[in-house]
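Notes for the one structure printed next.
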Amino acid sequence: MARKKRSSRTLEKAKRRLDGLQSIDSKLSLSNGRSVASYQKDIDALRDKISAYNQALATADALQTDVNESERDLAHLSELVLIDGEHVIL
């Protein structure tokens, strides 16, 4: 079963807030030396981390599928080896 991908309400809220700020002035200066551009960078950084996380989950899901299939194949092979061994003993 595939793991649930991550999303972020905080990220979505920040994107909406950024849209509002940019509609006022894309070069708006905020308090504490912050700017619309720095806010955009923070938003982009979180978006990139979530994307990387979701890609890692997809990779883990694919590996889990591969492991499960190999395990099933090996279990079947083990049964065949046992059956072949019984024929040798008889």
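Throughout, read-outs are computed from the coordinates displayed, never taken from laboratory work. Only a predicted model underlies this, so the values are computations on that prediction, with no experimental measurement involved. Reconstructed Cβ throughout: ideal geometry from the backbone, glycine too, with neighbour counts over all protein chains shown.
A few comments on the model shown:
- HN-Hα J in Hz across segment 28-36 - Karplus 6.51, -1.76, 1.60, θ = phi - 60°, x for Gly and Pro: 4, 9, 9, 6, 6, x, 7, 9, 4
- Sites Asp48 and His76 - FRET efficiency at Förster radius 41 Å, r taken between beta-carbons, to 0.05: 0.45
- Ranked Ile24, Ile50, criterion: other C-beta atoms within 10 Å, fewest first: Ile24, Ile50
- Long-range tail of P(r) for the chain (Cα pairs > 20 Å, %): 62
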